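The next block holds one structure in the form of structure tokens; read it before the comments.
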Amino acid sequence: MSHGKQFTLYSHYRGANGWKAAIALEELGLTYHTIYFNFDKLEHKNAEYVKLNPNGRIPTIIDHHNNDFTVGMSSLAVLCMQLTIARKGVGCDPDVPRGELQWLFFQASGQGPYFGQVGWFKLFHPEKVPSAILSKNGSLAASAPSQIFPSSCGNHLATTFLLADYEGFNFEKDFPAVHKWHNTMLARPSVKKCMELRESLLNAH
Ligand SMILES: N[C@@H](CCC(=O)N[C@@H](CS)C(=O)NCC(=O)O)C(=O)O
């Protein structure tokens with residue numbers, strides 16, 4: 001590790017999961033260096049990386065201040081960062097509120113994979129499968145009550161921009177609380193910074 005930052009983040013400029021980790025790092029004020037993989041070259045499937053993340057997917061974070069502790073799952077990465085901060089007593093509640101954990105797992109086990117499938121069928125699957133594209137499963141995300149999320153730490157940011165403008169849902173009309181929460185998240189400096197960076201990386205590629 002020669003970059004001198006606390007974390008190395010393996011990511012990709014397009015997919016949502018790497019930005020979840022980046023936003024949490026920003027939100028928690030942690031220093032990090034990002035390595036963006038080239039998916040076309042299957043850099044995320046190389047043997048060295050798969051040792052770090054057996055899924056061969058991004059994100060992975062390595063905590064150089066904690067014996068290079070490595071986590072390769074976005075929601076768990078967010079949680080570990082939060083716990084690291086909590087242990088050091090830097091401004092966060094030492095107990096991760098149970099409500100937050102509930103919604104973090106809701107995101108990790110339900111909304112995230114469902115939206116991932118929608119993204120795959122919409123953007124990458126070689127055949128068009130209309131019934132898979134507008135997935136009713138996507139509506140799961142909208143059932144999350146907004147008041148659970150805005151807490152003192154970063155993990156509520158996990159789903160921030162995944163909710164944006166999904167076809168077939170009018171969040172403002174159908175889910176006003178989620179819509180309000182989503183806009184509150186979009187206004188956070190950490191989210192703005194990461195979304196601007198994502199936009200410029202997308203434009204450059
Ligand atoms: N459950 C995993 C999902 C990670 C994931 O699907 N990452 C995508 C990018 S957003 C990826 O690496 N895709 C490349 C691949 O599957 O080969 C997490 O939350 O970290």
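The values are calculated or read from the model by the stated rules, or taken from the named source; none is laboratory data. What you see is a predicted model, and the numbers here were worked out from it, not measured in a lab. Note: areas computed on protein heavy atoms with side chains; ligands, DNA, RNA excluded. Shrake-Rupley method; radii C 1.70, N 1.55, O 1.52, S 1.80 Å.
Amide H contacts of Tyr32 (H built 1.01 Å from N, in plane; Pro and chain starts excluded): Gln6, Phe7 sit under 5 Å, all sequence-distant by 5 or more or on other chains. Karplus-derived 3J(HN,Hα) values for segment 3-9, using 6.51 cos²θ - 1.76 cosθ + 1.60 with θ = phi - 60°, are 7, x, 8, 5, 10, 9, 10 Hz; glycine and proline are entered as x. When the convex hull of its Cα atoms is viewed from all sides, segment 7-93 shows a mean projected area of 5.4 nm².
The figure for His65 is an accessible area of roughly 110 square angstrom, using a 1.4 Å probe on the protein chains alone.
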